[in-house]
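Take a look at the structure below.
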Amino acid sequence: MTWNVHSTHTQAGDLIQLVGLRHKHFIITLKPGAELQTHRGTLKHDDLIGLPWGTQVFSHMGSPFFLLQPSLADLLRDMPRNTQILYPKDIGFILITMGVGPGHHVVEAGTGSGSMTTALAYAVGPTGRVTSYEVRPEMQKLARKNLRRLGLDERVEFKLRNISEGFDETGADAFFLDVQKPHEFMTQVRKALKPGGFFCSLVPTFNQIQKLLHALRQNRFAFVEVCEILLRYYKPQPARLRPTDRMIAHTGFLIFARRIEPSNDPRGKDLLNEQHVAQTLDAPEEQ
Ligand SMILES: C[S@@+](CC[C@H](N)C(=O)[O-])C[C@H]1O[C@@H](n2cnc3c(N)ncnc32)[C@H](O)[C@@H]1O
């Protein structure tokens, strides 16, 4: 199976997306000899192999579909899930804000259904790596399967563990935390991150933000930002342009921060106060 993002024409083994009337869509792998059954008729895979992306095709009942390469957002929306997942609107901003890019090492917990893991694996490229922790074996299994389907599993090391036991990694470029009580794990997260490394967590409620803000201060994180991404779609009709009737009103709040290394030098006090960071401890920190 290939998520074929560079070609101009479909090949056997490609992940393809067929989009029909009223946005009904199917993401499938092209297999010679196979058929796709839809409520609007059957499409033979053999008839779809070798066509240019974007071609209009028809079922045996004459119902029209477009043949498209699925985007990362398409794949994430379509991903089989057992947990709340990260949505493209949040993922895009998280990746940019943490500067995740080729060659980076990102640690993540929990894996959940693997939506964020997929986006991280895509962003770090073939030279980067993602380490993803999860406590529930069935969730890890599903995430592995989701990543394998896209050919991204080789960039990810999955670890089964309750993260209260800590992380094996140190020196990570970035850390993404999506568990029920993120404030309980900031000591462990700090140890996994490199000095100056990026942290982000998504929490659904205000009281979780407050707890996390306290934990960030106690664990010497600075440059803290709290935000929420609101995305509103419009009906693309020039003569009747207006918002669509429905929107996803709330997914979660994003909290960003960076691990810093405060000094005892009194000249640094004002900056530490400005960043709401407690004065450093006298004893050097265990890495
Ligand atoms: C909301 S889901 C994560 C969704 C994921 N970010 C995605 O995009 O698919 C939260 C996951 O964290 C896991 N989890 C919660 N507490 C944990 C802990 N202490 N250690 C490891 N995993 C934990 C849960 O089992 C669950 O699968």
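Only the coordinates and a few stated rules stand behind these numbers; no lab work does. Just so it is clear, the structure is predicted and the values come from calculations on it, not from any experiment. When we count neighbours, we look across all protein chains shown, and the Cβ atoms used for this are built from the backbone with ideal geometry, even at glycine.
What is the spin-label model distance, in nm, from Gln11 to His276 if the labels are put 7 Å beyond Cα along the C-beta direction?
5.2 nm
Expressed in nm to one decimal, what extension gain is obtained for the pair Asp265 and Arg81 from 0.36 nm per residue of sequence separation less their Cα-Cα distance? Each step should come with its number before you reach the end.
Numbers: separation 184, 0.36 × 184 = 66.24 nm, distance 4.98 nm.
Result for the pair: 61.3 nm of gain on full extension.
Using a simple charge model, +1 on the beta-carbon of Lys and Arg, -1 on the beta-carbon of Asp and Glu, nothing else, what dipole does segment 73-274 show about its Cα centre, in debye to the nearest 20? Each step should come with its number before you reach the end.
Details: 29 positive and 22 negative charges, 98 e Å.
With only Lys, Arg, Asp and Glu charged at Cβ, the dipole is about 460 debye.
Which of Gln17, Gln210, Gln69 moves most in a GNM of the chain, Cα contacts under 10 Å?
Of Gln17, Gln210, Gln69, the most mobile in the Gaussian network model is Gln210.
For segment 5-25 and segment 99-123, what is the separation of their Cα centres, given in Å?
25 Å
Please arrange Val224, Val100, Val179 by counting, for each residue, the other beta carbons lying within 10 Å of its beta carbon, fewest first. If you can, show how the numbers build up before the last one.
Details: Val224 17, Val100 23, Val179 20.
Taking fewest neighbouring Cβ atoms as first place, the list is Val224, Val179, Val100.
Go through segment 162-176 residue by residue and turn each phi into a ³J(HN,Hα) via Karplus (6.51, -1.76, 1.60, θ = phi - 60°); whole Hz please, and just put x for glycine and proline.
For segment 162-176, the Karplus-derived couplings read 7, 5, 5, 7, x, 10, 6, 8, 9, x, 5, 6, 8, 9, 10 Hz, x marking Gly and Pro.
Tell me the angle of helix 206-218 to the major Cα principal axis of the chain, expressed in degrees between 0 and 90 and rounded to the nearest ten.
Around 50 degrees separate the two axes.
Skipping prolines and chain starts, which residues have an amide H placed within reach, meaning under 5 Å, of the one on Lys159, given they are 5 or more residues away or on another chain?
Hits under the 5 Å cutoff: Ser132, Tyr133, Glu134.
Which of the listed residues, Leu150, Met186, Val135, is farthest toward the dipole's positive end in segment 73-274, when Lys, Arg count +1 and Asp, Glu count -1 at the beta-carbon?
Leu150
What residues qualify as long-range amide H neighbours of Ala172, i.e. H under 5 Å apart, gap of 5 or more or another chain, H built at 1.01 Å from N?
Leu193, Lys194
If a/c stays under 1.5 just call it rounded; otherwise compare a/b with b/c (prolate if a/b is bigger, oblate if not). Do that for the chain, with a ≥ b ≥ c from the square roots of the Cα gyration tensor eigenvalues.
Values: a/c = 2.74, a/b = 1.99, b/c = 1.38.
It comes out prolate by the Cα gyration axes.
If you line up the long axis of helix 88-97 against the longest principal axis of the chain, both from Cα atoms, how many degrees apart are they, to the nearest 10?
Taking the Cα atoms of the chain, the angle to 88-97 is about 40 degrees.
For the chain, take the longest principal axis of its alpha carbons; what is the angle in degrees between that and the long axis of helix 115-124, to the nearest 10 within 0 to 90?
80 degrees
List the relative contact order of the chain as a percent without decimals, with contacts defined as Cα pairs under 8 Å and 6+ residues apart. Display every interim value, and only then the final one.
On the way: 541 pairs, mean separation 33.7, N = 287.
Computed value for the chain: 12 percent relative contact order.
Listed highest first by mean packing, meaning other Cβ atoms within 10 Å per residue, what order do 47-57, 238-248 come in? Kindly include the intermediate steps, with their values, before the conclusion.
Details: 47-57: 13.5, 238-248: 8.1.
Packing order, densest peptide first, comes out as 47-57, 238-248.
Expressed in nm², what is the orientationally averaged projection area of the convex hull enclosing the Cα positions of segment 15-70?
Numbers: hull surface 13.3 nm².
Result: 3.3 nm².
Thr83's amide H: which non-local residues (gap 5+, or another chain) put their own amide H closer than 5 Å, with H modeled 1.01 Å from N in plane and none for Pro or chain starts?
Answer set, sorted by chain and number: Ser113.
Applying the Karplus parametrisation 6.51 cos²θ - 1.76 cosθ + 1.60 with θ = phi - 60° to the phi angles of segment 127-144, what ³J(HN,Hα) value in whole Hz is obtained for each residue in order, glycine and proline being reported as x?
8, x, 8, 10, 10, 10, 9, 8, 8, 9, x, 5, 5, 4, 4, 5, 5, 4
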